[in-house]
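Inspection log for the structure reproduced underneath, given as structure tokens.
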Amino acid sequence: MKHPSDDQLAAYEAGNGDCTDDPIGMHLRVCADCAAIVDFQHGLRHADVWDLVAILEREPELPQIAAMKVQVSDEDAAAESLLAPVLKNTLRFVYADITNKDQFYNGGVVRRLCATAMEMLERQPLHALEFAVAAATIADALPDDYYPSRAVFGLRGRAWKARANALRYLNRYGEALAALDEAERRFKEITINELEIATVRYVRASVLASGHRFTEALVEVRGAADVFRSYENEQREVDAKMLEGTIHYFSENYGEARAIFETILAYANVRENRLLEARARHNLALAAIGEEDFKSARTGLVQAQECYAELGLHTEHLRVTWALGRIEREEGNTARAKADFEKARQGFEQLSMLVDAALVELDYIGLLLGDHNVRDIRARSERLVRVFKAAGMYTSALTAVSYLNDVAHSPSGVTAWLLGRIRAFLMELQRDPQLLFVPPAMST
């Protein structure tokens with residue numbers, strides 16, 4: 001029998017074929033090379049799937065895999081040399097226009113861009129998206145036989161997943177879901193794909209939860225957690241549990257959320273994991289706010305903020321500041337709430353997270369309603385319009401804030417009800433960028 005193709009061997013391993021009269025099974029008993037490929041593919045099921053160098057180091061004797069190891073190593077070295085000058089700052093990267101230059105079309109560049117995008121998510125999500133888009137463009141252009149066993153499709157899926165993550169951080173939920181669909185389509189082109197598809201399901205659950213599609217989100221995250229558990233991937237299973245707790249929080253099931261977060265906090269403390277500790281404390285505090293346990297919430301937020309500051313996670317630090325402002329507002333400390341809201345708004349604008357900044361601004365304007373401060377309400381609504389125009393956001397978001405500004409300058413003025421309607425629209429717009437703004441009928 002001639003040697004089976006990579007795809008045939010992958011299909012055989014995926015089906016756990018072991019029949020002695022099976023032609024491929026019989027071939028494997030006499031062909032060490034093909035048997036080694038099947039062993040390699042089996043190993044993919046129990047590893048971080050696309051850490052190719054680490055996987056290949058375990059099979060140096062197989063010529064095909066040894067060659068692939070050399071290819072990956074050479075690509076990564078070339079990528080570091082090629083990208084070092086253009087990754088110094090985002091402006092250089094933009095001007096380099098790497099997707100129009102042939103020398104950048106290799107797998108190492110894709111891996112490096114994906115890694116850079118993930119590193120920048122918390123600090124500069126807009127720039128992370130630029131790197132991820134370039135990674136996906138390059139990965140999709142590589143030949144299907146670029147790696148053995150169609151592994152290039154895994155590289156493509158990884159790039160599209162990085163793109164979805166950046167879109168998620170920018171609250172562009174509809175685009176993020178579309179990017180996740182693209183990632184899943186690519187992962188399904190390979191046989192060894194279960195772990196990566198589970199990761200896509202995890203990210204999709206996060207996006208669905210942000211879109212208030214809680215039932216669907218729980219199905220996705222629990223399915224992902226089951227796969228992570230079967231692969232004995234403890235860290236990803238914990239991440240899935242964290243997301244499940246967050247979905248319960250969004251569903252206003254605060255007690256269930258707090259129970260999950262308490263368990264994760266204990267796990268983080270045992271393992272001295274500061275990032276996980278920060279996330280658990282942050283989420284515990286938000287659930288406590290939901291139950292109006294402001295004392296516990298304030299303590300947790302301050303502790304989380306200390307962790308975020310230590311880790312340099314500016315986006316999450318700003319979200320804690322925003323949450324602290326909401327506690328101050330609920331407790332009647334208007335001046336402190338204004339200070340926290342202003343700090344959070346400025347930070348979000350600097351990160352080009354303009355919808356988040358606008359939502360914080362609406363909270364600030366809500367405080368001004370209590371002061372009957374018409375002049376400042378008008379000034380802040382005018383500034384919102386200027387910021388959106390300067391950023392080129394000639395979308396329904398601009399229409400919404402322009403309407404708010406018009407009402408602020410009308411005799412009737414802004415009301416808490418209108419602020420709520422504008423807030424709801426901006427949040428819905430994040431999930432559906434094609435949504436059109438229609439001025440709401442005023443409450444009677």
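The values are calculated or read from the model by the stated rules, or taken from the named source; none is laboratory data. This is a predicted model, so every value here is computed, not measured. Neighbour counts are summed over all protein chains in view; Cβ atoms, including those assigned to glycine, are modelled from backbone coordinates with ideal geometry. Ligands, DNA and RNA are excluded from the accessible area calculation, which covers all protein heavy atoms including side chains. Shrake-Rupley method; radii C 1.70, N 1.55, O 1.52, S 1.80 Å.
Here are some conditions: (1) assigned to a helix (DSSP H, G or I); (2) at pLDDT below 90. Ala297 meets all but one. Which one does it not meet? Evaluating Ala297 over (1) assigned to a helix (DSSP H, G or I); (2) at pLDDT below 90 leaves (2) as the failure. In region 423-436, the count of residues that are under 26 Å from Arg123 (Cβ atoms) and free of Cβ contacts under 8 Å to residues at least 24 places away in the same chain is zero. For region 391-414, the candidate set comprises residues that are modelled with pLDDT under 90 and within 21 Å of Phe348 (Cβ to Cβ); within that set, the residue that is least open to solvent (accessible area, probe 1.4 Å) is Ala397. Of all positions in region 415-426, none carries a residue that is among the polar types (S, T, N, Q), open to solvent by 30 Å² or more (accessible area, probe 1.4 Å), modelled with pLDDT under 90 and not in a helix (DSSP H, G or I). Suppose the filter is at pLDDT below 90, surrounded by fewer than 20 Cβ atoms within 10 Å (Cβ to Cβ) and of a type in the set (Ser, Thr, Tyr); does Thr315 pass it? Yes; evaluated as a whole, the condition is true for this residue. The numbered conditions (1) surrounded by 20 or more Cβ atoms within 10 Å (Cβ to Cβ); (2) at pLDDT 90 or above; (3) among the polar types (S, T, N, Q) are all true for Ser206 except (2). Among the residues making up region 427-436, those that are modelled with pLDDT of 70 or more and surrounded by 19 or more Cβ atoms within 10 Å (Cβ to Cβ) are Leu429, Gln430.
Among the residues of region 263-294, the one identified as open to solvent by 70 Å² or more (accessible area, probe 1.4 Å), acidic (Asp, Glu) and in contact with a helix residue (DSSP H, G or I) (Cβ under 7 Å, 6 or more places away or on another chain) is Glu291. If we keep just the residues of region 371-390 that are of a type in the set (A, V, I, L, M, F, W, C) and open to solvent by 60 Å² or more (accessible area, probe 1.4 Å), which is modelled with the highest pLDDT? Among those that are of a type in the set (A, V, I, L, M, F, W, C) and open to solvent by 60 Å² or more (accessible area, probe 1.4 Å), it is Val374. Among the conditions (1) modelled with pLDDT of 90 or more; (2) farther than 22 Å from Arg345 by Cα, Leu275 misses just one, which is (1).
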